[in-house]
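Report on the structure given below.
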Amino acid sequence: MLHGVDNNSGRLTKTGIYLMQEGNEEPFNIRLHLAKDILTIQEQDVICVSGEPFYSSERTVTIRRQTIGGFGLSIKGGAEHKIPVVISKISKEQKAGVRPYARFHLHVFGVRPPQVQVLRNAGEEVTLTVSFLKKTPAFLKLPLCEDCTCIPSDQSSGTSSPLCDSGLHLNYHPNNTDTLSCSSWPTSPALRWEKRWVDLRLIPLLHSRLSRYSPGSDSCRKNAFQVIAVDGVCSGVVQFPTAEDCLDWLQAISGNISSLTKHNVKKINRNFPVNQQIIYMGWVDEKEQDSVQDRMYSPKFLALRGSSLFKFSAPPVTTWDWTRAEKSFTLYEIMFKILKDNDLLDKRRHCFSVQTESGEDMFFSVELDCELLIWEKAFQTATFLEVERIQCKTYACIMESHLMGLTVDFGMGFVCFDAASKAVLWRYKFSQLKGSSDDGKSKIKFLFQNQDSKSIEAKELEFSNLFAVLHCIHAFFAAKVACLDPMFVESQGTATTAGFPSLSAISCNSQTPKLKYAT
């Protein structure tokens with residue numbers, strides 16, 4: 001369960017979570033705030049709440065190796081203490097503008113956090129980005145009373161930080177130093193410090209995506225995920241102590257993203273005609289057809305709109321964006337299928353496939369089982385509405401070396417006619433189709449039952465677009481069956497009049513049964 005729920009603001013809070021960057025950076029405690037449209041990540045810090053703080057702004061300085069004393073720095077903290085690295089002592093001859101207890105980053109080497117070994121092996125000149133107590137870190141354990149502004153490192157009060165107890169020297173000369181003491185700190189009787197949670201990152205949730213997997217792979221992180229905003233801002237890897245906590249947050253964040261998407265869809269649909277309404281859209285991971293080992297999956301944005309399924313590399317924002325989709329497919333000529341456990345291609349779960357009109361299979365993965373259910377419902381709804389709108393579809397075919405036309409009609413069933421004379425050769429209702437088979441290339445053999453004699457009549461037709469025809473027949477059959485399902489019809493509400501069905505009945509906690517088709 002989520003901890004710290006504020007019912008008045010609708011914000012969700014949980015403490016003691018770990019945030020990690022991709023790579024080797026050490027984890028640290030953070031706190032998450034989940035609002036309706038934004039995820040806030042906070043870290044705990046000690047800040048000056050009264051008086052004039054004594055820090056300088058962040059600056060970039062260059063230090064040079066000296067003949068005696070090397071770089072002249074004493075560095076304390078680090079991964080072994082699970083705290084940031086700071087400069088605790090500095091040679092008097094080092095006049096590069098670095099001050100004791102300056103927190104620094106090795107931007108020049110691209111190393112975060114700083115690694116002492118990198119400095120030791122550096123050349124004659126190193127560029128550092130440093131800041132002097134810009135945000136006083138909690139690990140310094142500064143006193144909170146106003147009558148004492150600091151505790152020197154040479155006192156045995158027991159309140160000093162690990163930074164004052166151990167350190168690593170970079171060719172540091174002990175007889176040429178400036179140690180940290182009360183006299184070396186600017187003092188002010190009005191200074192007061194408090195521990196507070198400060199914002200670390202703000203992640204807008206509209207069109208954000210979640211990922212429990214390492215980038216591009218099927219390797220699922222243990223009790224961890226990250227949130228990536230549409231503008232690329234990333235939360236980092238958020239890790240939880242238990243699988244239950246991780247799932248709670250996944251469902252909560254996914255639910256908020258889904259709600260924002262639905263609200264945005266309603267606004268966008270005001271500018272589209274009834275036959276071009278958006279049914280659903282959202283992020284998925286697509287399995288690469290010719291994937292290299294380190295990139296098996298890529299994030300894609302799918303949208304079900306009007307008669308088509310659109311595939312984008314980024315969410316469409318403007319009307320022009322809809323014309324720049326990577327690919328688009330006609331809904332009633334593709335086939336949606338949820339992959340069962342024995343159909344899965346790798347360690348990714350919650351997968352579905354879409355077979356195109358050319359017979360190509362595309363495989364997609366989502367993060368949660370409830371998202372899989374939402375996509376299935378969305379495909380069913382979008383296909384049903386499109387079949388109901390077009391009512392019939394005709395395909396050119398060949399029967400007994402003659403050019404024919406086969407019409408799949410929502411009301412009448414199957415109608416075959418001569419392409420030249422338009423004369424109807426035969427017609428059958430959907431209920432009369434008792435079986436069919438195809439050769440996987442171009443031919444379909446239909447088995448219809450004669451209403452009068454009850455005998456089976458075989459009709460073999462040849463098509464240039466076999467899979468499109470098969471998928472279309474399935475879509476019409478599915479729509480026909482759906483019309484007889486009270487639950488499905490009721491869920492459509494005013495679909496035929498308003499043009500946009502509601503999918504709000506399905507959420508991450510929904511147990512709505514899946515509609516099963518029987519042909």
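What the table below lists for this structure:
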read-out: Test: residue in region 235-247 that is open to solvent by 40 Å² or more (accessible area, probe 1.4 Å), closer than 19 Å to Ser208 by Cα and modelled with pLDDT under 90; value: yes
read-out: Residue among Cys397, Cys351, Cys370 that alone is touching a Gly at 6+ places or on another chain (Cβ under 9 Å) and modelled with pLDDT of 95 or more; value: Cys397
read-out: So Thr40, is it farther than 21 Å from Ser208 by Cα, part of a strand (DSSP E or B) and at pLDDT 70 or above; value: no
read-out: Those residues of region 213-233 which are over 23 Å from Ala303 (Cβ atoms) and either touching a Leu at 6+ places or on another chain (Cβ under 7 Å) or not in a loop (DSSP other than H, G, I, E, B) (or both), in sequence order; value: Cys220, Ala224, Phe225, Gln226
read-out: Number of the condition not met by Leu191 [criteria: (1) open to solvent by 50 Å² or more (accessible area, probe 1.4 Å); (2) more than 30 Å from Tyr297 (Cα to Cα); (3) modelled with pLDDT of 50 or more]; value: (1)
read-out: Filter result for the condition that a residue is under 19 Å from Cys392 (Cα atoms), modelled with pLDDT under 95 and under 44 Å from the mean Cα position of the chain (by Cα), over Gly440, Gly435, Gly411; value: Gly411
read-out: Subset of region 443-487 [of a type in the set (Lys, Arg) and at pLDDT 95 or above]; value: Lys443, Lys445, Lys459
read-out: Region 266-278, residues that are among the hydrophobic types (A, V, I, L, M, F, W, C) and modelled with pLDDT under 95; value: Ile268, Phe272, Val274
read-out: Condition broken by Met404, with the remaining ones in (1) within 21 Å of the chain's Cα centre (by Cα); (2) closer than 26 Å to Glu462 by Cα; (3) not hydroxyl-bearing (Ser, Thr, Tyr) satisfied; value: (1)
read-out: Leu345 of a type outside the set (Phe, Trp, Tyr), in contact with a strand residue (DSSP E or B) (Cβ under 8 Å, 6 or more places away or on another chain) and surrounded by 21 or more Cβ atoms within 10 Å (Cβ to Cβ); value: no
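Quick grid of which residues meet (1) within 24 Å of Gln355 (Cα to Cα); (2) in contact with a Gly (Cβ under 8 Å, 6 or more places away or on another chain); (3) in contact (Cβ under 8 Å) with a residue 60 or more places away in the chain:
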{"residue": "Lys429", "(1), (2), (3)": "no, yes, no"}
{"residue": "Phe448", "(1), (2), (3)": "no, no, no"}
{"residue": "Glu462", "(1), (2), (3)": "yes, no, yes"}
{"residue": "Asn465", "(1), (2), (3)": "yes, no, yes"}
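The values are calculated or read from the model by the stated rules, or taken from the named source; none is laboratory data. Predicted, not measured: the structure shown is a model, and the values here were computed from it. Glycine gets a Cβ as well: all are built from the backbone with ideal geometry, and neighbour counts include every protein chain shown. Accessible surface areas use protein heavy atoms only, side chains included; no ligands, DNA or RNA. Shrake-Rupley method; radii C 1.70, N 1.55, O 1.52, S 1.80 Å.
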